[in-house]
Amino acid sequence: MKLTTLLTALVFVAVAKGAPSEDRIYGGATVTTAIPYLVSITIDEQHVCGGWIYSPDWVVTAASCVYGILPSQLKVVVGQVSLIQPDIDEVWISVFRTHIFEGYDNATQLHDIAMLQMATSIPFVPAANILYEEPEVGIPAEFAGWGGTFEGGLPSTKLRKIATVTVPGDCSSYTALEFAPNYMLCAGSTTDTSSPCHYDEGSPLVQTFGGTTYAVGIMSKNKGCGLGAQPTLYTRLASYYSWLYRIGGAQPTP
């Protein structure tokens, strides 16, 4: 099952303006195989956000992605690369229940985190561990998603990855109401050649060390994407360990 409405829109754009670009995350590189821990969150079978596998029965995403949405409208797609072409390991899974963090503020996006309980278990779970401490300074962070090239644009037709994200970033351009350091992680730089965009929300910022991939943040919001864009704000996963454990239980050891 694929995104027929999106495909129709893309065909219309191609006729009107020429073939659409696949360079959606600003910069980055096309991914040819699925990223094991990464999922697409869909509403009425249309991609809206990313997410990551916590366990066979739970997926983590941004609360802003599912706020006000019924579980029956949601599906999680694992093993996906293309939004319009069938992928060999692609599986669509219905959502049984959504758990949005109790203190989530939809106006400021403070506590922008949610857990989705699957209706049926995910058949393969190479989960990204939660990093219980602060992100490791000096270790490159990576990010992947199906985001658009600009705010309000269509999502990417193919998954793309940013190989290097600056951690931490300088978020002095954000006000105190926009950036709460105890609960948010600032990452990215005006000198970075890539940045997340709309439809990348919910995707994890990850670091790999000691042979293990760790999710350190969830893409929450930014002030646009492109060369020279301001850093992106991520939900700081280390601040939510007790909540994730209470809702989803202990995470399996990779």
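Sorting the segments 228-236, 94-102 by their residues' average number of neighbouring beta-carbon atoms within 10 angstrom, most packed first, yields 228-236, 94-102. Distance between the 7 Å Cα→Cβ label points at TRP243 and GLN46: 2.8 nm.
Cysteine residues of the chain whose Cβ has no partner cysteine Cβ closer than 4.7 Å: none, as each one has such a partner. With 0.36 nm allotted per residue and the present C-alpha distance subtracted, the ASN106-THR164 stretch has 17.9 nm of extension available. A Gaussian network model of the chain, with springs between Cα atoms under 10 Å, assigns the largest mean-square fluctuation among LEU227, LEU237, LEU38 to LEU227. Would you please give the FRET efficiency between THR212 and GLN117, computed as 1/(1 + (r/R0)^6) with r the Cβ-Cβ distance and R0 = 22 Å, to the nearest 0.05? With a Förster radius of 22 Å, E is 0.30. About the centre of its Cα atoms, the range 129-237 shows a dipole size close to 280 debye [charges on the beta carbon of Lys, Arg (+1) and Asp, Glu (-1) only; nearest 20 debye]. Judged by the mean number of other Cβ atoms found within 10 Å, the most tightly packed of the peptides 206-216, 158-168, 172-182 leads the ranking 158-168, 206-216, 172-182. Computed from point charges on the beta carbon alone (+1 for Lys and Arg, -1 for Asp and Glu), the dipole magnitude for the chain about its Cα centre is near 320 Debye. Over all other residues within a Cβ to Cβ distance under 10 Å of ALA34, the charged ones net out to -3, with Lys and Arg as +1 and Asp and Glu as -1. For the chain, the relative contact order works out to 23 percent when only alpha carbon pairs closer than 8 Å and six or more residues apart are counted. Taking a Cβ cut-off of under 13 Å around ASP105, the surrounding Lys, Arg, Asp and Glu residues balance to a net charge of -2, with basic ones at +1 and acidic ones at -1. The stretch between GLU178 and THR253, if pulled fully straight at 0.36 nm per residue, gains 23.6 nm over its current Cα-Cα span.
The order of the peptides 238-245, 59-66 by mean Cβ neighbours within 10 Å, most packed first, is 59-66, 238-245. Computed extension length for GLU134-THR32: 33.6 nm, one decimal, from 0.36 nm per residue of separation with the Cα-Cα distance subtracted.
Every read-out reported here was derived from the displayed coordinates using simple, explicitly stated rules and does not represent laboratory data. Being a predicted model, the structure only gives us computed values, none of them experimental. Here the Cβ is made from the backbone with ideal geometry for all residues, glycine too, and neighbour counts use every protein chain on show.
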